[in-house]
Amino acid sequence: MVLENKLGIEQSAQLAEAEERISKKQAALLFETGRLFEIEIGTFKGLAAIHSALFSEIYEFAGKIRDVNIAKDNFQFAPRIFLEQSLAYIDQLPHDTFDEIVDKYADMNIAHPFREGNGRSMRIWLDCMLREKLGKIVDWNLIDKDEYFNAMIRSHVSTGELKYLLLNALTDNLSQASFFKGVDASYYYEGYTLYKTEKL
Ligand SMILES: Nc1ncnc2c1ncn2[C@@H]1O[C@H](COP(=O)(O)OP(=O)(O)O)[C@@H](O)[C@H]1O
Ligand SMILES: [Mg+2]
């Protein structure tokens, strides 16, 4: 069974193809229209705006807090009943320094507010904080997928590995091409490799 979707698709390969094509195009449009630079920085409201932009053609739940509990690799993300509270707490955490930004990103990952698409929307949300505060974004192509996932799992206990990986992958190339390549790498982490954002 695939996730219920607005496209009426019932096969997972077909849904993955459409989801990649449509949401990458929406990521491109976020940059091209300049809407990306108007998104509220470092809050759930901003993250929800990104999630909604990417996925609203595909899922009813785009930009909306999930209504189920979610676990991955035996780790249970924030229980649904505490989610609003967690998000309000995360909103007021500082995001002025690199360390604060990565800690906030790790906390938002533990909240995992959406039914799907947390990783892809949150990496754009992280880039928005880094761009605004440090004039940099992450070149996700420089971070190995397995190392990234291990650091995310480890981040429940310590964000040291994640900080090390991200610090070594920061770039001051804020161009559209650089952002698009980052989106492609971010999608590759989640198994989406059919389309290049710049070609959509
Ligand atoms: N065991 C885990 N512990 C912490 N974070 C995880 C774990 N597994 C996956 N993640 C994080 O969750 C993201 C995937 O969440 P998901 O909602 O499926 O996003 P997407 O649909 O964009 O792939 C990964 O990119 C990673 O950041
Ligand atoms: Mg996923």
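The values are calculated or read from the model by the stated rules, or taken from the named source; none is laboratory data. A quick note: this is a predicted structure, and the numbers were derived from the prediction, not measured. Neighbour counts are summed over all protein chains in view; Cβ atoms, including those assigned to glycine, are modelled from backbone coordinates with ideal geometry.
Can you tell me which of ASP172, ASP139 is more than 16 Å from ligand 2 (Cβ to nearest atom), in contact with a strand residue (DSSP E or B) (Cβ under 6 Å, 6 or more places away or on another chain) and acidic (Asp, Glu)?
ASP139
If we scan region 107-127, do we find a residue that is away from ligand 1 (no atom under 15 Å from the Cβ) and buried (at least 21 other Cβ atoms within 10 Å of the Cβ)?
No, because not a single residue in region 107-127 is away from ligand 1 (no atom under 15 Å from the Cβ) and buried (at least 21 other Cβ atoms within 10 Å of the Cβ).
Are there helices (runs of 4 or more DSSP H) fully within region 111-200 with at least 3 residues that are modelled with pLDDT of 95 or more, among the basic types (Lys, Arg) and on the phi < 0 side of the Ramachandran plot? List them.
It comes to 118-134.
Which residue, of ASN141, ASN150, is more than 23 Å from ILE110 (Cα to Cα) and surrounded by 14 or more Cβ atoms within 10 Å (Cβ to Cβ)?
ASN141
Which ones in region 66-89 are surrounded by 12 or more Cβ atoms within 10 Å (Cβ to Cβ), within 18 Å of ASN5 (Cβ to Cβ) and out of contact with any His (no Cβ under 6 Å at 6 or more places or on another chain)?
ARG66, the sole residue that qualifies.
State the number of residues belonging to region 154-177 that are touching a residue at least 24 places away in the same chain (Cβ under 8 Å) and hydrophobic (A, V, I, L, M, F, W, C).
So the answer is 6.
Could you grab me the full set of residues in region 76-109 that are free of Cβ contacts under 8 Å to residues at least 60 places away in the same chain, within 16 Å of ligand 2 (Cβ to nearest atom) and in a helix (DSSP H, G or I)?
Hit for region 76-109 is ASN109, nothing else.
Please verify whether region 22-40 includes one or more residues that are outside any helix (DSSP H, G or I), in contact (Cβ under 8 Å) with a residue 40 or more places away in the chain and out of contact with any Lys or Arg (no Cβ under 6 Å at 6 or more places or on another chain).
There is at least one residue in region 22-40 that is outside any helix (DSSP H, G or I), in contact (Cβ under 8 Å) with a residue 40 or more places away in the chain and out of contact with any Lys or Arg (no Cβ under 6 Å at 6 or more places or on another chain).
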